[in-house]
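J.: Handing you a structure now.
What follows is calculated from the coordinates using simple rules that are stated; it is not laboratory data. Remember, predicted model here, so these are calculated numbers, not experimental data. Cβ sites come from the backbone with ideal geometry, for glycine too, and all protein chains shown count toward neighbours.
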Amino acid sequence: MSAQSDSFASAPTNTSASAPANTSAFTETWQLAKTAKSSNGGMVASQHYAASRVGARVLAEGGNAVDAAIATSLMIGTVEPWMSGLGGGGFMLYREQKTNTVHSVDFGMKAPSMLDPADYPLAAGQDDDLFGWPSVQDNRNVLGPSSIAVPSYLAGISAAAGRFATKPLADLITPAVESAHAGFPVDWYATLKIAAAAPVLSQFAASASAYLPGGFVPAGEWGGPLPSISLGNLASTLERLRDAGAEDFYQGEIAQSIANDCRALGSKLSAQDLANYQPVISVADQSGYRNATVYTAPGLTAGPTLQDALQRIERSNWQPGTEDDADTYLCYANALQDAYTHRLLTLGDLDDTAAPGCTTHITVVDSQGNMVSLTQTLLSVFGSKVMLPQSGILMNNGIMWFDPRDNKPNSMAPGKRPLSNMCPTLFSTEDGSHYALGASGGRRIMPAVMQLLSMVVDQKMDINSAMHKGRIDVSGAPQVCVDSQLDKQVAKRLTEASHNVTVVPNGVYPAMYACPNIIGRSPEGINTGAAFVASPWSEVALQHNSD
């Protein structure tokens, strides 16, 4: 039986009562806290409690960290379907305790082989989604069939299962099958998410049928039971994958249905694109920061930019433990701003045939100390907003990752991989502790990961304190967001240093900051995990061997 400890100091509250005058017009006055959990057994942190609990059950049944991560990731596609699922992609890091080796599984998306950049002419203004690229006519790179990239998720987790898991993929997919058959319960948070996307979901027949039954946003009655909706034919598709195997998604019956639906809807995604997709398993990138060792996913992720930002902090005049919060966050802001400038000017897939070896994040540790950091995504909330009629698969809008301008490192091209913002990370400190962390949130992911890592390494914070500490966001735009719970001197100091500052709470909605989770393992084998504080659904679930 795992032992749980809640002996942590009370968490800081999320309030805007002392925020400077330039606080954003929205605020949340409730006090938010989500205490970290500790255990000598395994644990799973994710953005949905049902998915975390499935992973913890897999650990209790003898599965390792990869088994639990895969079961959690499949399950979360049925309970947080707008963030990730079969129609998306992702990246995984796996630390093998016995060999102390960190492996990377790259299952990032790529453009269809028949993609034509001429189909995406620029328009006036900027897109209104995650990245602020120059606008494309009719939002073709952001919305609808023309925004769909090759879905790579299942190829990645299948490869990870074949290489590192101890249980058959069919066993790991079964909880997701059962969840999809049971239907999707719509609580207030789900109603909010669906309502925010309703105008665009309504443009696509299968999406509207699933998420807007009767033409309306599903919502429970006051004091009544939660309504439940069916996610199209997703349950049958998951059942088929359980019985026929993951290869059916890329070369079988499901592959053909995906290709047929995409062709009928006007997407360039073909059966050949599916058949040709291959994930890449390699050794993770390794770098040093202070006395810590940091592992990131190689290639077209935010990993190289995280390493860049950390190196800029290390080269700066800021010394951990000797400065006040204002100086700390000024150092963070400067490092992030310079690292993002370098990233957006220089990084991309310059080889159109291969890449070096809305989103959700999952972290797992098992009782043996194996760790997983897994980030998966549809990209935008509800991805392309297109659900495929035959399979019930909600498809990504991965084409939005490309810079729509010509002759840039990250410009779009047939068969090319885009530059991704995912940043699954593992790191080890000099005392022998190991950590897994990551986040969802587009370009906001890496700044959150960098600050949490620095809080642990530089400021010697425990996980509970770090997760409740206010953060800033600097992610490529001129604006610097400052959490309203931080001392007002932080915003003042950043403004004096010529940063364009907006003070805004790290609240439930809208999401102005990334949504991280983190697990750490002490040299004595005690695991501690924390989930994103402001989410009503996120949870760290513990392995209970007696269940």
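J.: Residue by residue through the stretch 364-372, which ³J(HN,Hα) values in whole Hz follow from phi under the Karplus form 6.51 cos²θ - 1.76 cosθ + 1.60 (θ = phi - 60°), with glycine and proline marked x?
T.: Couplings: 9, 9, 9, 5, 8, x, 5, 10, 10 Hz.
J.: If packing is taken as the mean number of other Cβ atoms within 10 Å per residue, what is the order of 211-224, 290-303, 65-78, 482-495, highest first?
T.: By packing density, highest mean first, the sequence is 65-78, 290-303, 482-495, 211-224.
J.: Taking 7 Å along the Cα-to-C-beta vector as the label spot, tell me the T29-M114 distance in nanometres, rounded to one decimal.
T.: 5.7
J.: So for each of 106-112, 258-264 I average, over its residues, the number of other beta carbons within 10 Å; can you give me the resulting order with the highest mean first?
T.: Ranked from most to least packed, the peptides come out as 106-112, 258-264.
J.: Only bridges whose two residues both fall in the stretch 415-523 count here: according to DSSP, what percent of them are antiparallel, nearest 5?
T.: The antiparallel fraction comes to roughly 70 percent.
J.: Roughly how far apart, in whole Å, are the Cα centres of the stretch 482-547 and the stretch 276-300?
T.: 24
J.: Return the FRET efficiency for the residue pair Q368, A124: r is the Cβ-Cβ distance, R0 is 51 Å, and the value is rounded to the nearest 0.05.
T.: 0.35
J.: Moving on. What's the FRET efficiency of Q479 with E314 using the Cβ-Cβ distance as r and R₀ = 25 Å, to the nearest 0.05?
T.: It comes to 0.45.
J.: Would you calculate the separation in nanometres between label points at W188 and S522, each defined as 7 Å from the Cα along the Cα-to-beta-carbon direction?
T.: In this crude spin-label approximation the distance works out to 3.7 nm.
J.: So how compact is the stretch 58-166: Cα radius of gyration and Dmax in angstrom?
T.: When restricted to Cα atoms, the stretch 58-166 yields Rg and Dmax of 18.0, 56 Å.
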